[in-house]
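Undergrad: What follows is a structure written as structure tokens; I'll ask about it next.
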Amino acid sequence: MSVGPIDRVVDEVFRREAGRVLATLIRLLGDFDLAEEARQEAFTAAIEQWESTGVPANPRAWLIKAGRNKAVDRIRRDVVFRTKIIDCETASAEADAAAVPEDEDDSTFGDDRLRLIFTCCHPALSAEAHVALTLREVCGLTTQAVARAFLVSEETMAQRLVRAKKKIRDAGIPYETPEPPLFNQRIHGVLAVVYGVFTEGYAVTTGTRLVDAELCAEAIRLGRLLDELLPVNPAVMGLLALMLLHDARRPARVSQDGDVILLEDQDRTLWDQAKIAEGLALVDRALSTPGPLSPYAVQAAIAALHVRARKKEDTDWPQIVGLYEVLLRLQPSPVIELNHAVAVSMVDGAARALDLVDSLTARGQVSDYHLLHAARGRFLQQLGRPREAREAYRSALALATLEPERRLLKALIEGIDGLPAGV
Amino acid sequence: MQYLLLIYSNEAEMAARTASAVASMTAEYTEFTKGIIQAGHFKAADRLRPTSAATTVRVRNGQVAVTDGPFAETREQLGGYYQVEAKNLDEATAIAARIPGAKYGSIEVRPIWPVEA
């Protein structure tokens, strides 16, 4: 195939419209696979026809109509398919498809993408399926790319996607944005999936790479999409702000050799100022929106205090401690308690922080969390108790799975080993 | 679509309930059933005798084996079902959540797979 101007035009349209076209085709056809094939055929038809007819005024409407027509043809042609789901579902899909207006407005398309997100994150699907389906169907990543991100074979990921789509079809998982009060429960699940994609990218749990920038970028894209589709939702704004403010620090988090650089040692001039500006504006909007405080917005406010400090000495630790206390009331968790203890160490000193961490351990919480032992080691070192610190770092090392973090811990242990005997 | 809502609960705990607890639960079930009949969701429902009354049949190599008890020992046992009409899984799970037994046991929601003619 020659790469003529029309290919470039279609390519450009694909990049802009593929997600929306798919979302609408799924609504019209009621079937993921049928919709994907229909979209494929519609874009192929565009390459063939736009050369002579010119690019239509509304390429998106053209593609949806072409895709719907191809699918209806296929439904009519495919006797096996027809006998399998001859019931009202297919009949109504045909009727809906036939009734698709020439130019649906943008709000309808927006709704379709929102519907698709809620379907992909439906609680009747497994957590693995949520992430895989969202990346594949909403973000448009290839199965291969999704498989790579989660360190499974392409075959395994393909099977996971097939199973999830079969469950959606067989169990009758609706292709709908839920109404309140269900909406408020479900949006929480959707945001958890998006944040899960981000954290998997930001702190991959195993392997040699520390950050998977592609996953972070996809999560932020999803956050922006949700912010566009659900404006002035404090949880959405808070999550997007949180991701942007974390991601802004990404260029400074890893050295050229792939080593971890702790926040206090980061070169702050490497932080992405555009993301910071966007994130800070979102935090302010999230916190000033009436309604219950979102834990994401509070976490974003903490991240905002870190990035607002030009030098590490300028960090407003007392306010960070206060925000962690708010967060602990909203969403108690051992990990947040640990972060709170680290913030306390910066305000009241390591002794107070060590007490907090030891009380956390005494309650039998997170004793297998490597960062808890790493924090203990740090507090003990600050208190001039190097031997105990080394023990804590060793416990952390035994639990850490990520290679760059293991290197950092080994370096800390060697630092203590290098001390003169008897210290 | 039609769904079967399978009601699982711990038979021993159910059997140990006081008479007044049984009476109030029966009243709740009656009210729930009336509600879904009125709303047009109801297709069928039954309660089941406990698994102490269960018999399991297997045919292996042409031999019929009849044994006492349920097919598997589980912590919660199937005690009854509703067959309902619902527009999708969300509606079916919303109905399932209103079954009185959902507060004590678990409701498994299974789509009916119609047999093609």
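The values are calculated or read from the model by the stated rules, or taken from the named source; none is laboratory data. On a predicted model such as this, the values are computed, not experimentally measured, just so you know. In this analysis, Cβ positions are derived from the backbone assuming ideal geometry, glycine residues included, and neighbour counts consider all displayed protein chains.
Undergrad: Being among the aliphatic types (A, V, I, L, M), within 30 Å of A:Ala192 (Cα to Cα) and modelled with pLDDT of 90 or more narrows it down to one of A:Ala61, A:Ala35, A:Ala46, A:Ala66, so name that one.
TA: Of A:Ala61, A:Ala35, A:Ala46, A:Ala66, the one residue that is among the aliphatic types (A, V, I, L, M), within 30 Å of A:Ala192 (Cα to Cα) and modelled with pLDDT of 90 or more is A:Ala35.
Undergrad: Something else: Would you check if there is a residue in the stretch B:58-71 being surrounded by 15 or more Cβ atoms within 10 Å (Cβ to Cβ) and either modelled with pLDDT under 95 or within 14 Å of another protein chain (Cβ to nearest Cβ) (or both)?
TA: Checked the stretch B:58-71: at least one residue is surrounded by 15 or more Cβ atoms within 10 Å (Cβ to Cβ) and either modelled with pLDDT under 95 or within 14 Å of another protein chain (Cβ to nearest Cβ) (or both).
Undergrad: Which of the residues belonging to the stretch A:273-308 are in contact (Cβ under 8 Å) with a residue 40 or more places away in the chain and under 18 Å from A:Leu263 (Cα atoms)?
TA: Within the stretch A:273-308, A:Gln299, A:Ala300, A:Ala303, A:Ala304, A:His306, A:Val307 qualify.
Undergrad: Please go through the stretch A:44-71 and give me each residue that is out of contact with any helix residue (DSSP H, G or I) (no Cβ under 6 Å at 6 or more places or on another chain) and either surrounded by 20 or more Cβ atoms within 10 Å (Cβ to Cβ) or part of a helix (DSSP H, G or I) (or both), ordered by number.
TA: Hits for the stretch A:44-71 are A:Thr44, A:Glu48, A:Gln49, A:Ser52, A:Thr53, A:Ala61, A:Trp62, A:Lys65, A:Asn69.
Undergrad: If you check A:Gly189 against the conditions, is it under 14 Å from the mean Cα position of the chain (by Cα) and either among the polar types (S, T, N, Q) or crowded, with 20+ Cβ neighbours inside 10 Å (or both)?
TA: Judged against the criteria, A:Gly189 is not a match.
Undergrad: While we're looking at this one, here's another question. How many of the residues making up the stretch A:147-174 are closer than 20 Å to A:Leu25 by Cβ and either more than 14 Å from every other protein chain (Cβ to nearest Cβ) or within 21 Å of the chain's Cα centre (by Cα) (or both)?
TA: 4
Undergrad: Which condition number in (1) free of Cβ contacts under 8 Å to residues at least 60 places away in the same chain; (2) within 14 Å of chain A (Cβ to nearest Cβ); (3) among the charged types (D, E, K, R) is the one that B:Arg49 fails?
TA: Among (1) free of Cβ contacts under 8 Å to residues at least 60 places away in the same chain; (2) within 14 Å of chain A (Cβ to nearest Cβ); (3) among the charged types (D, E, K, R), B:Arg49 violates only (2).
Undergrad: Return a yes/no flag: does the stretch A:184-198 have any residue that is among the small types (Gly, Ala, Ser), under 18 Å from A:Leu22 (Cβ atoms) and either assigned to a loop (DSSP other than H, G, I, E, B) or within 14 Å of another protein chain (Cβ to nearest Cβ) (or both).
TA: No, the conditions are met nowhere in the stretch A:184-198.
Undergrad: Now, a different point. Output the qualifying pairs, or none if there are none: Cβ atoms under 7 angstrom, residues six or more apart or on different chains, first residue in the stretch B:1-26 and more than 17 Å from B:Ala97 (Cα to Cα) and within 14 Å of chain A (Cβ to nearest Cβ), second residue crowded, with 16+ Cβ neighbours inside 10 Å and aliphatic (A, V, I, L, M).
TA: B:Met1/B:Ala86
Undergrad: Of all helices (runs of 4 or more DSSP H) completely enclosed by the stretch A:361-423, which ones contain at least 1 residues that are farther than 19 Å from A:Val344 by Cα and among the small types (Gly, Ala, Ser)?
TA: A:386-399, A:403-417
Undergrad: Turning to a different aspect of this structure: Within the stretch A:209-221, can one find any residue that is over 30 Å from A:Arg310 (Cα atoms), surrounded by fewer than 16 Cβ atoms within 10 Å (Cβ to Cβ) and in contact (Cβ under 8 Å) with a residue 12 or more places away in the chain?
TA: No, the conditions are met nowhere in the stretch A:209-221.
Undergrad: Also: Given B:Ala102, B:Ala96, B:Ala54, which one is within 14 Å of another protein chain (Cβ to nearest Cβ), among the aliphatic types (A, V, I, L, M) and surrounded by 11 or more Cβ atoms within 10 Å (Cβ to Cβ)?
TA: None of the other options fit; the residue is B:Ala96.
Undergrad: Does the stretch A:325-348 contain at least one residue that is over 30 Å from the mean Cα position of the chain (by Cα), surrounded by fewer than 16 Cβ atoms within 10 Å (Cβ to Cβ) and in contact (Cβ under 8 Å) with a residue 12 or more places away in the chain?
TA: Yes.
Undergrad: What residue, among those in the stretch A:254-275 that are surrounded by 12 or more Cβ atoms within 10 Å (Cβ to Cβ) and β-branched (Val, Ile, Thr), is nearest to A:Glu403 (Cα to Cα)?
TA: So the residue we want is A:Val260.
Undergrad: Does A:Glu179 qualify as being touching a helix residue (DSSP H, G or I) at 6+ places or on another chain (Cβ under 8 Å) and acidic (Asp, Glu)?
TA: no
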